[in-house]
Amino acid sequence: MDTGIGRPADGTRKPFFAQQALDQMKFSARKDESVQKFTLYNTEYNYANKEQQQLLQQKASALLYQQKIRDQRLLNIIFLIASVAMVFIIGLYYTQKHNQMKINAKLSEKNQEVSQQKVDLNVQAEELNELNKLKDRLISILAHDLRSPLSTLRGLFKLLEDDSISHDELLAMIPVGS
């Protein structure tokens, strides 16, 4: 017996309220179940999203790690090339220095030879000067020794030319060798 719409009569009130409470609990349970499903879906979505972000971070980390490895390898190659270049330059420097030392030693040796040859040339020049003086002295003595007989002969020839003496007188003046 209903006294109005939605209101039960007094005798059915308790079961009605119990039914209403049950309906409300069912509605609340359904609502809680929906909230739980929503929360579950949201949690699963967040978990999947986090997994995807972690996967992307791992890929980014892997790429970054690979890039660091490439950079390190490149740095190692550059260091190796620089080291080889330094060794080559040091070897070249040592070779040039060694060759320069050989050349300097040869030059020093040649300078000593030239100095010795200069000394020898100076000695020879002195000897030649002495010989030249001796030659000049010898020629001077020979010229002096030859001048007297030649002067005598010249005088005799002039006398012959002038007809100051005769041919027989000339022959008498010439000494006869024994």
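The values are calculated or read from the model by the stated rules, or taken from the named source; none is laboratory data. Just so we're clear, the structure is a prediction, and the values are computed from it rather than from any experiment. In this analysis, Cβ positions are derived from the backbone assuming ideal geometry, glycine residues included, and neighbour counts consider all displayed protein chains.
Among residues of the stretch 145-158 that are at pLDDT below 80, those with a beta-carbon under 8 Å from a residue that is of a type outside the set (Phe, Trp, Tyr) at least six positions away or on a different chain give the pairs Leu156/Ile165; Leu156/Leu170; Leu156/Met173.
Within the stretch 146-165, is even one residue acidic (Asp, Glu) and surrounded by 10 or more Cβ atoms within 10 Å (Cβ to Cβ)?
As a first pass, look at the stretch 146-165 and keep what is acidic (Asp, Glu): 161-163.
After this cut, where a residue has to be surrounded by 10 or more Cβ atoms within 10 Å (Cβ to Cβ) as well, the list is none.
Scanning the stretch 146-165 turns up no residue that is acidic (Asp, Glu) and surrounded by 10 or more Cβ atoms within 10 Å (Cβ to Cβ).
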